[in-house]
Amino acid sequence: MGAFLALGECMVELSSAGGDLYRRGFAGDTFNTAWYARRLLPADWTVGYGTCVGEDKASQEMLDFMAAEGIETSGIRRVPDATVGLYMISLEENGERSFSYWRGQSAARRMTEDLKWLDGLLKDRDMIHFSGITLAILPPKSREFFCGALARARQRGAIVAFDTNLRPKLWESREAMKAGLTMGARTADIVLPSFDEETELFGDATPEATAERYRKLGADLVAVKQGPGALTVSQREAGLLTVPSVPVTKVVDTTAAGDSFAAGLLSGLAMGLPLEEAAAQAMGLAARVIQAPGALAPSAVAPA
């Protein structure tokens, strides 16, 4: 029995339905993680989402969707003069994707306006997950307030996980991005970076160097992803582990590869699986997700 909470921004998603037609859905990096975690964790675990939404129809439809998918929404704050963000996915033939965003009026950017609400939302959670996108959408000063609330939750016993998930266009500058990721990592027990992004931003020469840098910031566990390559895991008790990649027949859509990986790893650890088994579960789930269209792929978590 436990309580899992993901924090961030869920958005209206427009994905191609063929030709000029687009299909509407709801997705966002940390929400995707919550969606997959709900399907992996046992029924006696609650899986909640923490964010702010508006009071308009789109916001209500998003909340209805979350509830229908088994995600707890009782802690989500409604903001009268805002709405939810929107993004559109464009896919290339190799399954890679690009995004166009409209999020200027997104209520999620106002998560630290009510710190009493935020502290209450984080109370009594066993595991809390957030990302670099969660930080990037906040105003600069608000990131400090947000990380302060996470630090208080961690002091109360919550395990905090951070997916660095770089989106350079969301940050004011390269230096702001480096500072934000460093601040986020300092609040976390578990850090989930992608090596290609880390080597570009921080100049890391190897996945082991990435893992060591985040360990020095205070993380107990760092799992460095390398796309189709092996996973490098550094943990205080287990030392350094390498988990092999899972063969993929055809990449259809890489959306939510990292989000589902996070769900697989964190759910496994929450259920008490050995680290290698939790990491293998994460790698297997991500491999199935990228062979299906869309961020939320029911077929990837369907019983065998």
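Of (1) assigned to a loop (DSSP other than H, G, I, E, B); (2) in contact with a Phe, Trp or Tyr (Cβ under 7 Å, 6 or more places away or on another chain); (3) closer than 24 Å to residue 302 by Cα, residue 65 satisfies all except one. Which?
Unmet for residue 65, out of (1) assigned to a loop (DSSP other than H, G, I, E, B); (2) in contact with a Phe, Trp or Tyr (Cβ under 7 Å, 6 or more places away or on another chain); (3) closer than 24 Å to residue 302 by Cα: (1).
Taking into account only those residues within the stretch 25-47 that are of a type outside the set (Asp, Glu) and in a loop (DSSP other than H, G, I, E, B), which is surrounded by the most Cβ atoms within 10 Å (Cβ to Cβ)?
Initial filter on the stretch 25-47 (of a type outside the set (Asp, Glu)): 25-28, 30-43, 45-47.
After this cut, where a residue has to be in a loop (DSSP other than H, G, I, E, B) as well, the list is 28, 41-43.
On the way: 28: 30, 41: 21, 42: 10, 43: 8.
Selected residue: 28.
Name the single residue that is modelled with the lowest pLDDT among those in the stretch 82-141 being assigned to a loop (DSSP other than H, G, I, E, B), over 20 Å from the mean Cα position of the chain (by Cα) and among the polar types (S, T, N, Q).
Only one residue fits best here, namely 94.
Looking at (1) surrounded by 19 or more Cβ atoms within 10 Å (Cβ to Cβ); (2) among the aromatic types (Phe, Trp, Tyr); (3) assigned to a strand (DSSP E or B), can you tell me which one residue 22 breaks?
(1)
Please go through the stretch 18-51 and give me each residue that is within 17 Å of the chain's Cα centre (by Cα), free of Cβ contacts under 8 Å to residues at least 60 places away in the same chain and more than 20 Å from residue 160 (Cβ to Cβ), ordered by number.
Residue satisfying the conditions is 26 alone.
For the stretch 48-62, give me the residue count where each residue is among the β-branched types (Val, Ile, Thr) and either assigned to a strand (DSSP E or B) or surrounded by fewer than 20 Cβ atoms within 10 Å (Cβ to Cβ) (or both). Full working, then the answer.
First, the residues of the stretch 48-62 that are among the β-branched types (Val, Ile, Thr): 51, 53.
Now restrict to residues that are either assigned to a strand (DSSP E or B) or surrounded by fewer than 20 Cβ atoms within 10 Å (Cβ to Cβ) (or both): 53.
Count: 1.
Could you check the stretch 138-157 and list, in sequence order, the residues that are surrounded by fewer than 21 Cβ atoms within 10 Å (Cβ to Cβ) and touching a strand residue (DSSP E or B) at 6+ places or on another chain (Cβ under 7 Å)?
Once the filter is applied, which keeps residues that are surrounded by fewer than 21 Cβ atoms within 10 Å (Cβ to Cβ) and touching a strand residue (DSSP E or B) at 6+ places or on another chain (Cβ under 7 Å), the stretch 138-157 yields only 154.
What about residue 177, is it in contact with a Phe, Trp or Tyr (Cβ under 8 Å, 6 or more places away or on another chain) and touching a residue at least 24 places away in the same chain (Cβ under 8 Å)? First the steps, then the outcome.
On the way: in contact with a Phe, Trp or Tyr (Cβ under 8 Å, 6 or more places away or on another chain): yes; touching a residue at least 24 places away in the same chain (Cβ under 8 Å): yes.
It is true that residue 177 is in contact with a Phe, Trp or Tyr (Cβ under 8 Å, 6 or more places away or on another chain) and touching a residue at least 24 places away in the same chain (Cβ under 8 Å).
Within the stretch 119-132, can one find any residue that is over 25 Å from residue 221 (Cα atoms) and either in contact with a helix residue (DSSP H, G or I) (Cβ under 8 Å, 6 or more places away or on another chain) or free of Cβ contacts under 8 Å to residues at least 60 places away in the same chain (or both)? Reasoning before the result, please.
So the first thing to find is which residues in the stretch 119-132 are over 25 Å from residue 221 (Cα atoms), and the list is 120.
Right, trim to either in contact with a helix residue (DSSP H, G or I) (Cβ under 8 Å, 6 or more places away or on another chain) or free of Cβ contacts under 8 Å to residues at least 60 places away in the same chain (or both) and you get 120.
Looking through the stretch 119-132, at least one residue is over 25 Å from residue 221 (Cα atoms) and either in contact with a helix residue (DSSP H, G or I) (Cβ under 8 Å, 6 or more places away or on another chain) or free of Cβ contacts under 8 Å to residues at least 60 places away in the same chain (or both).
Quickly run through the stretch 243-257 and pick out the residues that are β-branched (Val, Ile, Thr) and surrounded by 13 or more Cβ atoms within 10 Å (Cβ to Cβ). Reasoning before the result, please.
Restricting attention to the stretch 243-257, the residues satisfying the condition of being β-branched (Val, Ile, Thr) are 243, 246, 248-249, 251-252, 254-255.
Scanning the stretch 243-257 gives 243, 246, 248, 251, 252, 254, 255.
Taking the condition surrounded by 14 or more Cβ atoms within 10 Å (Cβ to Cβ) and among the polar types (S, T, N, Q), does residue 267 pass? Please lay out each step first, then the result.
Working: surrounded by 14 or more Cβ atoms within 10 Å (Cβ to Cβ): yes; among the polar types (S, T, N, Q): yes.
So residue 267 fits the description; yes.
Which is under 21 Å from residue 90 (Cα atoms) and in contact with a helix residue (DSSP H, G or I) (Cβ under 7 Å, 6 or more places away or on another chain), of 246, 289, 233?
289 is the lone residue from the list that is under 21 Å from residue 90 (Cα atoms) and in contact with a helix residue (DSSP H, G or I) (Cβ under 7 Å, 6 or more places away or on another chain).
Among residues belonging to the stretch 168-181 that are among the small types (Gly, Ala, Ser) and assigned to a helix (DSSP H, G or I), point out the one that is nearest to residue 136 (Cα to Cα). Lay out the reasoning, then the answer.
Residues of the stretch 168-181 that are among the small types (Gly, Ala, Ser), as a first pass: 173, 176, 179-180.
From the residues that got through so far, the ones that are assigned to a helix (DSSP H, G or I) too are 176, 179-180.
On the way: 176: 9, 179: 11, 180: 8 Å.
Per the criteria, the residue is 180.
Looking at the structure I just gave you, is residue 162 outside any helix (DSSP H, G or I) and under 27 Å from residue 232 (Cα atoms)? Write out each step before concluding.
Numbers: outside any helix (DSSP H, G or I): yes; under 27 Å from residue 232 (Cα atoms): yes.
Criteria met by residue 162.
Take residue 84 and decide whether it is free of Cβ contacts under 8 Å to residues at least 60 places away in the same chain, out of contact with any Pro (no Cβ under 9 Å at 6 or more places or on another chain) and not charged (D, E, K, R).
Details: free of Cβ contacts under 8 Å to residues at least 60 places away in the same chain: no; out of contact with any Pro (no Cβ under 9 Å at 6 or more places or on another chain): yes; not charged (D, E, K, R): yes.
So residue 84 does not fit the description; no.
The values are calculated or read from the model by the stated rules, or taken from the named source; none is laboratory data. Remember, predicted model here, so these are calculated numbers, not experimental data. Cβ: placed from backbone, ideal geometry, glycine included. Neighbour counts: every protein chain shown.
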